[in-house]
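One structure below.
None of the figures in this text is laboratory data; all of them are computed from the coordinates on show. None of the values given here were measured: they were computed from a predicted structure. Because the Cβ atoms are built from the backbone with ideal geometry, glycine has one as well, and the counts that use them run over all protein chains shown.
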Amino acid sequence: DPYGVKSPSGHLQIEADEGTFKLEFGSTSPGNITFVKIATSDQVYTLSSEALKSINTDSDHWRDPRVFPHATSDITKIQIVGPGNEILLTRPENTSTWVMNQPHQGARLDESTVKWFLQALAELRIAAFTSKNEFATQVTINLGLRKGQPYSLHLKSPHIDNPALLWAFLPNSETSISLPTAFAEQIVAPVKAFRNPY
């Protein structure tokens, strides 16, 4: 009882083939120490409170933060639909070269911009999850994949209280997410950005 494990403040339970392992957390003492007890034992141990920080009870902590959880090499089509413009790029099978289909059929592409877009998409991480979904879509990114279903990402309006973040909508999900506004700003006028300037 003096260690706070008679009425634990929380527990960690792991189930494996060998059986169930359960740790019960007690009170925290000066010196950044937390008392813990194995559920099947009467012995009480001390554990650094720092070690407990890796045991996160926030469900969002365990969610996949990647916006695009596929290999960019599987992308065969890039369609970006924004205010007043649309771009469609395709990559013929078994080639690494991208071709512009819309709005300028066969126009030369800036390969560095295509590489930037694919790398930015692969590195894009979700800043926060939420259940809000009442925002109107401003930019839509549609991706055709060599394997699996097509992928669509809907970029919505910036946060009112934090313009560095904007709302977005994950495909096949009712969850809204927050993304860096800088990513959207790079692709709002994609036609000019993807053209070869040389």
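Structure data summary
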read-out	value
Under 16 Å from K37, Cα to Cα: aspartates and glutamates that are on another chain or at least 8 residues apart	D1, E24
Within the chain, helix-based [θ] at 222 nm, where runs of 4 or more DSSP H residues each add -39,500 (n - 2.57), nearest 500	-3500 deg cm²/dmol
Peptides 136-143, 42-49 ordered by average Cβ neighbours within 10 Å, highest first	136-143, 42-49
Cα-derived Rg to Rh of the chain, Kirkwood definition	1.19
Cross-link pairs beyond the 27 Å C-alpha cut-off, checked among K77/K156; K53/K115; K6/K53	K53/K115
Förster radius 25 Å - calculated FRET efficiency between N101 and R66 (Cβ-Cβ, nearest 0.05)	0.35
